[in-house]
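Okay, so here's the structure we're looking at.
The values are calculated or read from the model by the stated rules, or taken from the named source; none is laboratory data. Worth saying up front: this structure is predicted, and the values here are computed from it rather than measured. Cβ sites come from the backbone with ideal geometry, for glycine too, and all protein chains shown count toward neighbours. Calculation scope for accessible area: heavy atoms of the full protein, side chains included, ligands and nucleic acids excluded. Shrake-Rupley method; radii C 1.70, N 1.55, O 1.52, S 1.80 Å.
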Amino acid sequence: MLSEPREAGPTTALMRKAYARWAPVYDVVYDKLTEPAARDAVEAAVANGRRILEAGVGTGLSLGYYPAECEVYGVDLSQDMLKRAAQKVRRRGLSHVRGLQVMDVCRLGYADATFDAVVAQFLITLVPDPEGALDEFLRVLRPGGEIVLANHFGQADGAVARVEEIVAPLCSKIGWSSDFKASRIEAWALRRGVAFIGLRPTFPGGFFKILRMRKAA
């Protein structure tokens, strides 16, 4: 079920090493914290159809949230993470998961207009080229389909925004981004002619958000 990774630059190589270190403890740290947001993202994606791409699927924490009638394909930069996702698929009998592949989200190996929805959870603020990843999500998405992002996005302005910018270097060392603004993604959508549906808060206390965008039909 796992494919070999393609060559990537030094930045993605460092990310692979970081994810390899995180893989053994990732579920313990993030499972309960991210579950409500992940379930919300899955629900939003499934509303668009049954064929879905999970970009940055990690250890597969959300794969069990999809209905059995779906066809889910997961990609991730880390083979260590994907090995754990594959174990979950086998152990739980998740037959709706049709493939798990090592892949750079900025260079997806899928044909144009393949998916009804593309989901990226806790990913877009960490990739070296967020706009490049979004371009690829848009390319493999069918007309009328949606990009669904679950993430923390920094406050637009005010005292909290200033604090987020100050602590951003520290957050990046532990795999988080505190100062990435949703307005950056909204600006990308405007340039690409993509409908920015909106941003809504989810658990815990609105810290995570669900962001939805729709490709022109």
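Worth a mention:
- Which numbered condition R90 misses (of (1) part of a strand (DSSP E or B); (2) free of Cβ contacts under 8 Å to residues at least 24 places away in the same chain): (1)
- Picking from residues in the range 162-203 that are open to solvent by less than 40 Å² (accessible area, probe 1.4 Å) and assigned to a loop (DSSP other than H, G, I, E, B), the one that is modelled with the highest pLDDT is V194.
- If you go through the range 181-217 and pick out every residue that is among the aromatic types (F, W, Y) and within 16 Å of A117 (Cα to Cα), you end up with 1.
- Filter result for G60 (in a loop (DSSP other than H, G, I, E, B) and surrounded by fewer than 17 Cβ atoms within 10 Å (Cβ to Cβ)): no
- Flag for E4 being open to solvent by 10 Å² or more (accessible area, probe 1.4 Å), of a type in the set (D, E), modelled with pLDDT under 95 and over 19 Å from L134 (Cβ atoms): yes
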